[in-house]
1. If you scan region 322-336, which residues turn out to be in contact (Cβ under 8 Å) with a residue 40 or more places away in the chain and within 13 Å of the ligand (Cβ to nearest atom)?
2. Among the residues of region 429-465, which ones are touching a Pro at 6+ places or on another chain (Cβ under 8 Å) and not in a loop (DSSP other than H, G, I, E, B)?
3. Restricting to region 486-512, name every residue that is over 30 Å from Glu473 (Cα atoms) and either outside any helix (DSSP H, G or I) or in contact (Cβ under 8 Å) with a residue 60 or more places away in the chain (or both).
4. Could you list, in sequence order, the residues of region 284-296 that are surrounded by 15 or more Cβ atoms within 10 Å (Cβ to Cβ) and under 22 Å from Val407 (Cα atoms)?
5. What is the residue count in region 21-32 for residues that are in contact (Cβ under 8 Å) with a residue 60 or more places away in the chain and either in a helix (DSSP H, G or I) or surrounded by 15 or more Cβ atoms within 10 Å (Cβ to Cβ) (or both)?
6. Regarding region 258-275, can at least one residue be identified that is among the polar types (S, T, N, Q), part of a helix (DSSP H, G or I) and out of contact with any Leu (no Cβ under 6 Å at 6 or more places or on another chain)?
7. Answer yes if at least one residue in region 377-397 is open to solvent by 10 Å² or more (accessible area, probe 1.4 Å), more than 20 Å from Ala495 (Cα to Cα), within 16 Å of the ligand (Cβ to nearest atom) and under 16 Å from the mean Cα position of the chain (by Cα), and no otherwise.
8. In region 7-20, which residues are over 18 Å from the mean Cα position of the chain (by Cα) and surrounded by 14 or more Cβ atoms within 10 Å (Cβ to Cβ)?
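The values are calculated or read from the model by the stated rules, or taken from the named source; none is laboratory data. For clarity, every value in this text was computed on a predicted model and none was experimentally measured. Neighbour counts run over all protein chains shown; Cβ positions are idealised from the backbone, glycine included. The area values use the complete protein model at the heavy-atom level, side chains included, leaving out ligands, DNA and RNA. Shrake-Rupley method; radii C 1.70, N 1.55, O 1.52, S 1.80 Å.
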Amino acid sequence: MADQDLFKKVLSHAKEYGFVFPSSEIYDGLSAVYDYGQQGVALKKNLREYWWKAMVQLNENIVGLDAAILMHPTTWKASGHVDAFNDPLIDNKDSKKRYRADVLVEDYVGKLDTKIEKEVKKAAKRFGDAFDKAQFLNTNPRGVGYKEKGAAILKRLGKSLENEDLADVKSLIEELEIACPLSGSKNWTEVKQFNLMFGTKLGASAESATELYLRPETAQGIFVNFLNVQKTGRMKLPFGIAQTGKAFRNEIVARQFIFRMREFEQMEMQFFIPPGTQKEWYAHWKETRLKWHHSLGLGAENYRFHDHEKLAHYADAACDIEFRFPFGFKELEGIHSRTDFDLSSHEEFSGKKLQYFDPERQENYVPYVLETSIGLDRLFLAVFSNALQEETLEDGSSRTVLRLPAVVAPTKVAVLPLVKKDGLPAIAKDIVNDLKWDMAVAYDEKDAVGRRYRRQDALGTPFCITVDHQTLEDQTVTLRHRDTMAQERLSIAEAKAKISEATAFQTWLKGI
Ligand code: ATP
């Protein structure tokens, strides 16, 4: 499928099969806010668990936390969000559409990347087996030109943003002759800063109400609890605190479905380390997180690192793990070396010491922090869009199959009586009642069995167990595999063992 067609298909499939609905749809929806339906909530929960198990359960020195969404307002002064959580915005005077200036420039560079990929494809066709991609990328004048141009543009953008030179960001947009994607016009306003936090009020009467913010990231709940966890858990450095939860950003350019939402869920881990060790831990977490992504089996070629040119006010090194979404490579996870910025700043604003006594160094210090931060909704979109495939079968018919990694599939197995009589439904229901203690299982007796298989394929169910007349005689069933459509005859216990092995966290996570 072409990328644009795939993206359209992702949206319609997500809705048609109960994965994602627009929020408050009966009132025409709320822009960039979505609800997860009966299938989506299960996939999302499984993805969250896949992360939690890898980060908390498998690491002795990482513990969990569930901090509140509402926090003391001074938190956001200390974190820098009141002063610096801004996006550079630009309006097109003709279409009246508002854009993020940095995203306009990044999309321009993305187009250069697409051009490079086209050159690679052409050359691969021309040279056949003898084609050496790495050599081509280093020597082809056109490809090298695009790459250098892209790098120079990003460097300049990074510098201008860092120096808050918004006039130069506008000049860059003009020099590159970037047009409004909607109107094609190049008639732009100046670039302005816009704060992304949602404000709200605490308290009954207008006079006594305190101004609050909905948290724009979960990380600060971890920082303000650093000492609580360290002391009560008797934690020794290095150790981590992980949490998952909702975050809110008043994104101006909210588009691309659940990629950029106003209410979304983050899965963050702050790893507290002695000062001076941040370089090695940065390298460690980059590698560990990429391995985790690869373990989901979406294809290593669909990930890449993007090192930040412009560092946030708190960071001394930062990169993104980007994923190839249907609309190109985009950020999926951020890895940030945050120094002692956050804890020091909370010390200053709260007047409370947030230090650690290091028994080896025999000194007190404010720990440094290494952060891994991934959006659960973006992960959902990555897994879902990668899984959705349209297949032509040998007999010329086509099938839609959602090849979700079995470990996160909403339902692990559907149990289907071949016909709705002869005692087959009762046996199928017994199997369901046995399996449901160990895994998510569905029962379906409507329509011909072929149609039921197709429906489970579209839902991403990796296995179907079919109960037929032979089951009455020898207690065997048919186990059908979603990806190959292969069928095998097994005892119920054998089928159960196969499904358990194929869907177990251990099977998927043990490689990391
Ligand atoms: P972007 O540059 O795309 O706005 P960011 O760099 O601001 O993202 P971070 O602040 O590093 O993002 O947040 C960590 C993670 O949270 C991101 O990698 C992303 O997966 C997720 N995330 C951030 N903003 C959103 C959003 N509006 N909707 C969904 N997920 C988001």
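1. Just the residues of region 322-336 that are in contact (Cβ under 8 Å) with a residue 40 or more places away in the chain, to begin with: 323, 325-335.
If the condition is that a residue be in contact (Cβ under 8 Å) with a residue 40 or more places away in the chain and within 13 Å of the ligand (Cβ to nearest atom), then Phe323, Phe325, Phe327, Gly328, Phe329, Lys330, Glu331, Leu332, Glu333, Gly334, Ile335 are the ones that fit.
2. At the first step, the residues of region 429-465 found to be touching a Pro at 6+ places or on another chain (Cβ under 8 Å) are 440, 445, 459-461.
Within region 429-465, just Leu459 meets the criteria.
3. Kept after step one, since they are over 30 Å from Glu473 (Cα atoms), are these residues of region 486-512: 504-512.
Residues satisfying the conditions are Ala504, Phe505, Thr507, Trp508, Leu509, Lys510, Gly511, Ile512.
4. Thr288, Arg289, Leu290, Trp292, His293, His294, Ser295, Leu296
5. Summing the residues that are in contact (Cβ under 8 Å) with a residue 60 or more places away in the chain and either in a helix (DSSP H, G or I) or surrounded by 15 or more Cβ atoms within 10 Å (Cβ to Cβ) (or both) in region 21-32 gives 1.
6. Going residue by residue through region 258-275, those that are among the polar types (S, T, N, Q) are 266, 270.
Then keep just the ones that are part of a helix (DSSP H, G or I); that gives none.
No: zero hits.
7. Taking region 377-397 and keeping what is open to solvent by 10 Å² or more (accessible area, probe 1.4 Å), we get 378, 386, 389-397.
Retained after the next criterion (residues that are more than 20 Å from Ala495 (Cα to Cα)): 378, 386, 389-397.
Checking the rest, the ones that are also within 16 Å of the ligand (Cβ to nearest atom) come to 378, 386.
Next, from what is left, pick out any that are under 16 Å from the mean Cα position of the chain (by Cα): 378, 386.
Yes, that holds for at least one residue.
8. At the first step, the residues of region 7-20 found to be over 18 Å from the mean Cα position of the chain (by Cα) are 8-9, 12-13, 15-18.
Lys9, His13, Lys15, Tyr17, Gly18 - these are the residues of region 7-20 that are over 18 Å from the mean Cα position of the chain (by Cα) and surrounded by 14 or more Cβ atoms within 10 Å (Cβ to Cβ).
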